[in-house]
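Notes follow the structure.
The values are calculated or read from the model by the stated rules, or taken from the named source; none is laboratory data. If you're wondering where the values come from, they're calculated on a predicted model, not measured in any experiment. Positions of Cβ are generated from backbone atoms using ideal geometry, with glycine treated the same way; all protein chains shown enter the neighbour counts. For the accessible areas, the whole protein counts, side chains as well, though only heavy atoms, and no ligand, DNA or RNA atoms are used. Shrake-Rupley method; radii C 1.70, N 1.55, O 1.52, S 1.80 Å.
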Amino acid sequence: MQDTFRSRGSFDVGGKSHKIARLTALKAHGHDVSRLPFALRILLENLLRHEDGVSVTSSDIEAVAGWDPSAEPSVEIAYRPARVLMQDFTGVPAVVDLAAMRDAMQALGGDPSRINPLQPAELVIDHSVQVDAFGSPGALGENLEREYARNGERYAFLKWGQGAFDNFAVVPPGMGICHQVNLEFLARVVMAGESGYAFPDTLVGTDSHTTMINGLGVLGWGVGGIEAEAAMLGQPVSMLIPQVVGVRLSGEMPEGATATDLVLQVTELLRAHGVVGKFVEFTGPGLQHLSLADRATIANMAPEYGATCGLFPVDQETLNYLRLSGRSEEQVELTERYMKEQEMFHTADSPAADYTDLLELDMGSVVPSLAGPKRPQDRVSLADLSTQFQGDRREILAGAGAEDHDHRVSVSMDDETFELKNGSVVIAAITSCTNTSNPSVMVAAGLVARKAALRGLRTKPWVKTSLAPGSKVVTDYLEAGGLTPYLNALGFDVVGFGCTTCIGNSGPLADEIVDAIDAGNLVSASVLSGNRNFEGRVHAKTRANYLASPPLVVAYALAGDVNIDLVRERIGVADDGSDVYLRDIWPTNAEIQEIVGGSVTREMFAESYAGVFDGTEAWQAIEAAGSSTFDWQADSTYVRLPPYFEGMGLETRPVEDIQGARVLGLFGDNLTTDHISPAGTIPVDSPAGQYLRSLGVEKQDFNSFGSRRGNHEVMMRGTFGNVRIKNRLVPGVEGA
Amino acid sequence: MTVHFPSGKQMSIYDAAMEYRAEGVASIVLGGKEYGMGSSRDWAAKGPALQGVRAVIVESFERIHRSNLIGMGILPLQFEAGQGADSLGLDGSETYDLVGLAARFSAEDSPTGGTVEVKATRTDGVSVEFKAVVRIDTPAEADYFRNNGILNYVLRRLAR
Ligand code: SF4
C-alpha cells in the first residue's frame, strides 16, 4: 500500500479508534475537494484507501481530485465497492460459479472452503413470486406455496449456499424486495472493516435498481454477473471517471402531490436533458423538505432517467432514518462522525459543488401524474390522462396494424355482467420497491381505500388488484394505522413480499377477461406503482401500462377505466346515492403524516428484521447438506455444474496462436448483448428448447432464459440465439 | 443460423459451434461497431466462451462487454481505424490465423495494447492480411486473459 498524499490518519468515536483515508489531505496538494460532488468524493476516498501503485496510482487519485466537470470521460479507474447485493434471477448463476470454483479448488488439491466472497455479499429472493391468487386473505400463502413448487431446485441450491459460504447471506423468499431490504436493513452507510479503516459503504448489485440505495447516501449501481463475482472476490471494478449532473431542488411539494409524482417529473426532466453514462447528484434547499423515503424513490429510478446513479448526500435526515429503521446508535454515531471528519456531511450551508451541468427543479410545481403508456419518461398529469389515452390507444392499435375502434365486449363472470372496452383497467397493482419503501405513499393508498370503503365504493370486478410490499414493516404500519381492513375490502390483500407485477410476474388474468380482450382486440390498461412499463413487461394482455403512485393505483381500481377524467368526473357513487369524486377521498398531507408519524416505529423495523434470514417455515423445511461443495443433481434442469474450470491446473497454460479458425458469425453494427444472449422466451424448436424437451420438460414449464441462467447447457444453446439476430453468413435469415 | 465451413451446410450457430469443437477447429466472431451494446449481461460472454469462441474481431466494443469477454478468456480484437470486414473484403468463409499471440503472452510482464497479424485465407487460396488492435488495455486484464478468465485467475491465486 502506498500513501502518496499522506492521507492516512485515525479518529475516535465512542471510545474506539478507526483508521481513515482523509480527503482533506489533498488540500496540501492543491486540490480543493469541497468543490467535488459528493459522489466523486466517495470514489476519491476509495482510491486513496486502495492506492497500491499498480491498480490505483497517484495519478488516478489526482485525476479524480482534479476532476474537470466538462471533460469527456476518458480516465479509467479501479474502484473497489465494499459489498455486493444480488437478487435470485441474477444471483443464482453467480452462486453457481462460486460453487463451481469450490469443486475446482478441491480438484486442485486445495481447501474448497477457502472460496468465499471476500466482501459481504447478500442475496434477496424476491424475483420469483407470481400473483396467481389475489383479492383474498389466503392469497399470500397460496402464492408462496406455488413459488416453492416452481423454484424448489433453485431454492435448495441457495439454501446450501447460505450455509456453505462465509460472508454470504440469503434473505429467503417471502421476506421482502432486495432494494427495500437494503435500504431498511442491509446498508451500513459507513462501514468499519477488518482493515481497521472506517469508510463509506459502497456496493454493486446484480440488479439495475441497486441505485435506490443512493437515496441513503450510499453509492451503488447495477453491474453484470462477472463484474459482481469479481467484486465479491476482491477484484476491482473498472470504470471511467464520470461526468456528474447536479439537480438543484427548491420549494416544497404541494398538497396532493406525492414522491411518485416527483420522480416521474425528475425522469422526464433528466431524460430530456440526457444523463446516460453520467452520475446525477441532488442538491439545493429542497433537500431539507424531502424525507429519506422520498429520496429513495427518486434514486430508485436512475435507470429510467438513464443515469448510472442519482446520489443524495448524507445529512441529518439520513441519520434520522437510520435511527428510525433500527440501526444501532453506535452505527449512527460512526456515520455522523465519519462524514463530518471527511467534510462530507451535507448541511444547508455546505458549499455548492461543481457539476457538469446544473438543472433546476421547483418541487412546488409537481402535480399528480402517471407515466405511460410504454415509457417511464412519458409523464402525463392526472388531469390529462383521459384525453391522452385516446391518442395512446389510436397509436397502439395503429402500431399493431389495426383500425381504431370502440368495441364493447360483454363479460359474465362470478355472477356479474359488465362491459370491457379500450381503456378498461384490468390490473391495478401496488407493487415495486420504488414505492413500497415509502410509508407516505403506502399510507396514502390506505387512506384512499378507507375513505372509499367507508362511502361504500368498491373496485370494479374486472380489475386484478394486488398489494406486494417490499418488507414486513409495511404490513405492520398499515395494520397499526388501522388501514389494512379497508385495503382488503377493496381487494388489495397482500399477495406476496416480492417483485410481482413490477418484474412482470402479474400472473394470469381470468379466462373471461382474456377472451374479451382478444375478441374485441381491446387496448386494456394496467396501473401500477412500478418503474418500468415497456411493452410486454407488465402483462402480455395489457397494451397500455401507466406508472403511478399507490393512491392513484387504488383510485384507478375504483374507476376501472382510464377514460374517466378523475379530476372532473365522479369516481363512483356512494351508498347514499351521492356522487363521489377523487378529491373527496384523497387524503391531505397532514392526514398522511399523522398516520406515518404515529404508526411507523423503530420497534417495527427491529422486530421485522430480527428473523429476516430465517425465513418462513417452508424455507426452514428445505434440507440442505452442510457440505462445503454442492451435491450437483444430474437431473436438474435449473442448476448444473458449469465446465469453466475443467482440466484446469495450478499453472497457466501458455497462450497459443490461433490457427485455422472459422467464423461462427459475421455481424453488422450495434449487435446487443440481448442478441448474443437473450433473456426471454425459449423457443420450442431452438437448440435450447430441444434440449429441455429431451429432458422431459414441457413447453409450459420452459420458463425463460433468465430463470435458467444456472444451467449452462440451456444458456450455451441459446447463445447467438435471439430470434432477431442477423448473421451475414446467411443473408436474409433472421434468428438462431 | 449460420454456415458451417468447409461443408457449406446451414445450421444453428450452436450446432456449428459444436461441430467446430468436435473437429478441433477454433472459432471466432466478426462484428461491426458498438459490439455488445445494451445491458451488461455476462452470459453474452460466458455463452460464446462455452461455444468455443476464442476471439472476437470488431470495429468497436461497448466498454463493459469488452471487459466481460476478457473475463471469460476471449480475446477482444479491433480492426484498425477505418477498416472492417467489408473494406477488407471478408465474407466469413475464410480461415483465420492469428500470429504472434503466443510470443506476446509468453513474456513474464503483462503486455497490453499493440497489434497482432491476422491472415484470412479464402477458399481460392488467396489471403488477406491485416493488423488487429489487441484490446487488452490494462495489466490486470492481461492477467485475466492469460489465465483464461477472471474466475480462473482468482481461483489460482487462492489455491496457492
Ligand atoms: S420490485 Fe421492481 S424495481 Fe424493485 S427489485 Fe423488484 S423488479 Fe426491481
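Could you say whether any residue in segment A:397-417 is touching a Lys or Arg at 6+ places or on another chain (Cβ under 6 Å) and either surrounded by fewer than 17 Cβ atoms within 10 Å (Cβ to Cβ) or free of Cβ contacts under 8 Å to residues at least 24 places away in the same chain (or both)? Yes, that holds for at least one residue.
What is the residue count in segment A:203-247 for residues that are without any contact (Cβ under 8 Å) to a residue 24 or more places away in the chain, open to solvent by 10 Å² or more (accessible area, probe 1.4 Å) and in a loop (DSSP other than H, G, I, E, B)? Summing the residues that are without any contact (Cβ under 8 Å) to a residue 24 or more places away in the chain, open to solvent by 10 Å² or more (accessible area, probe 1.4 Å) and in a loop (DSSP other than H, G, I, E, B) in segment A:203-247 gives 2. Is it the case that A:Gly696 is more than 21 Å from B:Asp42 (Cβ to Cβ), at pLDDT below 90 and either more than 12 Å from chain B (Cβ to nearest Cβ) or not in a helix (DSSP H, G or I) (or both)? No; evaluated as a whole, the condition is false for this residue.
Need at least 1 residues that are within 20 Å of A:Tyr338 (Cβ to Cβ) and touching a strand residue (DSSP E or B) at 6+ places or on another chain (Cβ under 9 Å) per element, so show me which strands (runs of 3 or more DSSP E) inside segment A:141-202 make the cut, counting only ones lying wholly within it.
A:190-192, A:198-200
Residues in segment B:23-57 that are part of a loop (DSSP other than H, G, I, E, B) and either more than 7 Å from chain A (Cβ to nearest Cβ) or under 17 Å from A:His675 (Cα atoms) (or both): 12 in all.
When the test is whether a residue is under 23 Å from A:Asn531 (Cα atoms), within 16 Å of the ligand (Cβ to nearest atom) and either more than 14 Å from every other protein chain (Cβ to nearest Cβ) or aromatic (Phe, Trp, Tyr) (or both), A:Val247 does not pass it.
Taking A:Leu98 as the residue in question, decide whether it is touching a residue at least 60 places away in the same chain (Cβ under 8 Å) and either within 14 Å of chain B (Cβ to nearest Cβ) or within 16 Å of the ligand (Cβ to nearest atom) (or both). Considered against the rule, which asks whether it is touching a residue at least 60 places away in the same chain (Cβ under 8 Å) and either within 14 Å of chain B (Cβ to nearest Cβ) or within 16 Å of the ligand (Cβ to nearest atom) (or both), A:Leu98 comes out as yes.
When the residues of segment A:52-68 are filtered to those that are of a type outside the set (A, V, I, L, M) and under 11 Å from A:Leu40 (Cα atoms), which remaining residue is least open to solvent (accessible area, probe 1.4 Å)?
A:Trp67
Summed over segment A:515-550, residues that are farther than 20 Å from A:Gly401 by Cα, in contact with a Lys or Arg (Cβ under 9 Å, 6 or more places away or on another chain) and away from the ligand (no atom under 15 Å from the Cβ) total 0. Is it fair to say A:Ile592 is closer than 20 Å to A:Thr297 by Cα, in contact (Cβ under 8 Å) with a residue 24 or more places away in the chain and open to solvent by 10 Å² or more (accessible area, probe 1.4 Å)? When the stated conditions are applied, A:Ile592 passes them. The residues in segment A:641-663 that are small (Gly, Ala, Ser) and more than 7 Å from every other protein chain (Cβ to nearest Cβ) can be counted, and the count is 2. The numbered conditions (1) more than 16 Å from the ligand (Cβ to nearest atom); (2) part of a loop (DSSP other than H, G, I, E, B); (3) under 27 Å from A:Gly174 (Cβ atoms); (4) small (Gly, Ala, Ser) are all true for A:Gly456 except (3).
Quick check: is even one residue across segment A:659-675 more than 27 Å from the chain's Cα centre (by Cα) and farther than 21 Å from B:Leu75 by Cα? Among the residues of segment A:659-675, not one is more than 27 Å from the chain's Cα centre (by Cα) and farther than 21 Å from B:Leu75 by Cα, which makes the answer no.
For segment B:78-88, the criterion of being more than 7 Å from chain A (Cβ to nearest Cβ), closer than 29 Å to A:Gly306 by Cα and buried (at least 16 other Cβ atoms within 10 Å of the Cβ) is satisfied by at least one residue. When segment A:173-197 is limited to residues that are more than 16 Å from the ligand (Cβ to nearest atom) and crowded, with 23+ Cβ neighbours inside 10 Å, the one that is farthest from A:Phe312 (Cα to Cα) turns out to be A:Val190.
Please work out if A:Arg83 is in contact (Cβ under 8 Å) with a residue 40 or more places away in the chain, surrounded by 22 or more Cβ atoms within 10 Å (Cβ to Cβ) and charged (D, E, K, R).
Details: in contact (Cβ under 8 Å) with a residue 40 or more places away in the chain: yes; surrounded by 22 or more Cβ atoms within 10 Å (Cβ to Cβ): yes; charged (D, E, K, R): yes.
Against the criterion (in contact (Cβ under 8 Å) with a residue 40 or more places away in the chain, surrounded by 22 or more Cβ atoms within 10 Å (Cβ to Cβ) and charged (D, E, K, R)), A:Arg83 qualifies.
Confirm whether A:Asp669 is facing chain B (nearest Cβ under 7 Å) and part of a helix (DSSP H, G or I). So A:Asp669 does not fit the description; no. A residue that is of a type in the set (S, T, N, Q), under 20 Å from A:Thr318 (Cβ atoms) and within 13 Å of chain B (Cβ to nearest Cβ) occurs somewhere in segment A:210-219. Within segment A:423-450, the set of residues being more than 20 Å from A:Ala259 (Cβ to Cβ) and open to solvent by 10 Å² or more (accessible area, probe 1.4 Å) comprises A:Arg450 only. Quick check on my filter: what residues within segment A:476-505 are within 16 Å of the ligand (Cβ to nearest atom) and more than 17 Å from the chain's Cα centre (by Cα)? Selection gives A:Val494, A:Val495.
Considering segment A:423-444, and only residues there that are in a helix (DSSP H, G or I) and within 16 Å of the ligand (Cβ to nearest atom), the residue that is farthest from A:Leu582 (Cα to Cα) turns out to be A:Cys433. Comparison of B:Val154, B:Val134, B:Val116 shows that the only residue that is at pLDDT below 95, open to solvent by less than 30 Å² (accessible area, probe 1.4 Å) and in contact with a helix residue (DSSP H, G or I) (Cβ under 7 Å, 6 or more places away or on another chain) is B:Val116.
Among helices (runs of 4 or more DSSP H) entirely within segment A:267-326, having at least 2 residues that are of a type in the set (Val, Ile, Thr) and crowded, with 24+ Cβ neighbours inside 10 Å singles out A:292-300.
Results for (1) away from chain B (no Cβ under 14 Å); (2) within 16 Å of the ligand (Cβ to nearest atom); (3) more than 14 Å from A:Pro37 (Cα to Cα), shown as yes or no for each residue.
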{"site": "A:Leu287", "(1), (2), (3)": "yes, no, yes"}
{"site": "A:Asp294", "(1), (2), (3)": "yes, no, yes"}
{"site": "A:Ala307", "(1), (2), (3)": "yes, yes, yes"}
{"site": "A:Phe312", "(1), (2), (3)": "yes, no, no"}
{"site": "A:Ser325", "(1), (2), (3)": "yes, no, yes"}
{"site": "A:Glu330", "(1), (2), (3)": "yes, no, yes"}
